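Encoded as structure tokens, the structure appears first; notes follow it.
The values are calculated or read from the model by the stated rules, or taken from the named source; none is laboratory data. All values reported here derive from a predicted model rather than from experimental measurement. Note that each Cβ is placed from the backbone with ideal geometry, even for glycine, and that neighbours are counted across all protein chains shown. Calculation scope for accessible area: heavy atoms of the full protein, side chains included, ligands and nucleic acids excluded. Shrake-Rupley method; radii C 1.70, N 1.55, O 1.52, S 1.80 Å.
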Amino acid sequence: MKQQTLAMAADQGFERHRKPTRRDAFLETMNRAVPWDALCAVVEPHYPKKGNGRPPIGLERMLRIHFLQHWFNLADLACEEALYDSASLRRFAGIDLGNEPVPDATTMLKFRRLLEQHKLAERLFTEVGRVLQGSGMTLKTGTIVDATIIAAPSSTKNADKQRDPEMHQTRKGQQWYFGMKLHIGVDSHSGLAHSAVVTPANIHDKHPLPELLHGQERRVYGDSAYTSQKALIRGKAPKAKDFTNERVRKAGQVDEVKRAKNRSKSKIRARVEHVFAVVKRLWGFTKVRYRGLAKNASRAFTALALANIYLARHRLMAPVRP
């Protein structure tokens, strides 16, 4: 094995031919886009203070590590090992192995439980929305509603010999799924999520509909699962018109007029899929990691907050005009 020299040590920056990777570029972008001060202010009142015993790790560092777990779909132990293995992750978290170790998996677990206990993930999601509105991205008069299934283990080969009792099964098309549903409301202009609800998978998409609207809508978009819900829509948004897709097939016949209208509506409705693409494809949130809805809801709200930041990163990084 070739002996390692100082020129090969990544943390000291002595490499002559190192090329920035896509991970480096992504972390640099998020480092600039995330409103660290505002998000730390949400958690700070509940974070342990210095006193007797070992002083707590810096709040911003723990928040950075927590976000790394979401971006790269890392469990606690996997994140600890990744931080030891990756110089780019350590730089983002501000960890210098010459002076300190990486926070262990138990510390990450306790931080996540702190967020869950005080429902801080929902507040982080709300705070990101406030920051985005402060940057000029105000809510418009249209909302797109949609839901996606997050799968859960259906096996009973565990200590309790049963599936998660808070998860349920549902059928979509000819396929059965077991898990939970993530319902979101997305601004039709910016494409950013402004509301979310987590339910078992067997809850119909229409039931959380009022909670996904902010009340000032003039138009509500959705797929055919939200057809004929004008009463629910007007109960929360009295001025809103129903622009959800209609079912086009009846008695084996296709209504081409309705199909054409659906295609026109879907050009706007498709923006909701961008949020799901970030959360499920980029962040890897296609399966639950924990038992129970509350823990997975906390992960979902944090993932949505980070997705909004990612989708609006160019505006957040733009220089402030005098």
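Annotations for the structure displayed:
- Relative to the longest principal axis of the Cα atoms of the chain, helix 22-33 runs at roughly 80 degrees.
- Counted over the stretch 122-258, the DSSP beta bridges are approximately 75% antiparallel.
- Once the Cα atoms are used to define both axes, helix 256-269 deviates from the longest principal axis of the chain by about 30 degrees.
- Solvent exposure of the stretch 230-322 as accessible area per residue, Å², 1.4 Å probe: 61
- Only the Cβ atoms of Lys and Arg (+1) and of Asp and Glu (-1) were treated as charged; on that basis the dipole of the stretch 124-214 about its Cα centre amounts to roughly 280 debye.
- Shape category assigned to the stretch 65-205 from the gyration tensor of Cα positions, a/c cut at 1.5: oblate
- Residue-by-residue Karplus 3J(HN,Hα) for the stretch 302-314, coefficients 6.51, -1.76, 1.60, Hz, glycine and proline x: 5, 4, 5, 4, 5, 5, 4, 4, 5, 5, 10, 4, 5
- Note on the chain: dipole from Cβ charges, positive end direction compared against A300, A196, Q175; the farthest Cα belongs to Q175.
- Rolling a 1.4 angstrom probe over the protein heavy atoms with all chains in place gives the stretch 56-206 an accessible area of 47 Å² per residue.
- Rounded to the nearest 20, the Cβ-based charge dipole of the chain about its Cα centre (Lys and Arg +1, Asp and Glu -1) stands at 1260 debye.
- Compared with the dominant principal axis of the Cα atoms in the chain, helix 76-85 is inclined by about 50°.
- For the chain, share of DSSP beta bridges that run antiparallel, in % to the nearest 5: 75
- Rolling a 1.4 Å probe over the protein heavy atoms of the chain, with every protein chain left in place, gives an accessible area that is 50 percent carbon and sulfur.
- Annotation: for a label point projected 7 angstrom from Cα along Cα→Cβ of V248, residues of the stretch 202-241 with backbone N closer than 16 Å are 222-225, 227.
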